[in-house]
């Protein structure tokens, strides 16, 4: 009898140190639920961060364009139909920006095409997405401009606000198009 009770105690002690199949399945189910809830929020945060970067880049370009306007009393021309370049660089402000011959993407003036010491530098480097998903349009014969990009987060409240503010200057705004225009 003494041996039987000791054997039972050892069996009970050994069975308590391992996980049962039900316990493992419960843990797996809880982890799957947490991952299922967290992953979409994480991916959404990344797209919102990319959108915030794009909006910031458009505002930097807006500032550069306003500085150009202060010097030339007109906004630079775009390059229709693709609108992938701004025609406001070089000694006379009539060359395509950015230029491969100069380390400054948006600057005008000076005595030569890339006289960095004497030119007005408006933006040393355009955003990496300029010309692929960020587009520039000159409007009203240089009196206004429109910068446009498409945001990933279509529920961003800034989209509707930007479209209502720039609808008269930016044509064909729709969906997730975010616009920045002269004010």
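Every number in this text was worked out from the coordinates using simple rules, so none of it is lab data. From a predicted model like this one, the values you see are computed outputs, not experimental measurements.
Only Cα pairs under 8 Å and 6+ residues apart enter the sum, and on that basis the relative contact order of the range 51-181 stands at 21 percent.
Between 0 and 90 degrees, the angle of helix 21-72 with respect to the longest Cα principal axis of the chain falls at about 10 degrees.
Subtracting the Cα-Cα distance from 0.36 nm times the residue separation, let me have the gained length for residue 53 to residue 30 in nm, one decimal. Mind dumping the intermediate values first?
Working: separation 23, 0.36 × 23 = 8.28 nm, distance 3.51 nm.
Answer, rounded to one decimal: 4.8 nm.
If you average the C-alpha positions of the range 157-183 and of the range 108-156 separately, how far apart do those two centres end up, in angstrom? If you average the Cα positions of each part, the centres end up 17 Å apart.
Between the Cα long axis of helix 2-16 and the first principal axis of the chain there is an angle of about 10°, rounded to the nearest 10. Percent of C-alpha pairs per 10 Å bin in the range 47-120, short distances first: 20, 45, 27, 7, 0.
For the chain, go through all pairs of different Cα atoms, get the mean of 1/r, take its inverse, and jot down that Kirkwood value in Å.
Details: mean 1/r = 0.0494 Å⁻¹.
One decimal place: 20.2 Å for the Kirkwood radius.
The C-alpha atoms of the range 143-183 occupy a region whose extents along the principal axes are 31, 13, 12 Å, arranged from largest to smallest.
Only helical DSSP H runs with n ≥ 4 go in: add -39500 (n - 2.57) per run for the chain, normalise by residue count and round the 222 nm mean residue ellipticity to 500 deg cm²/dmol. Walk me through the intermediate numbers first.
Details: 3 runs with 77 residues, N = 183.
Result for the chain: -15000 deg cm²/dmol, rounded to the nearest 500.
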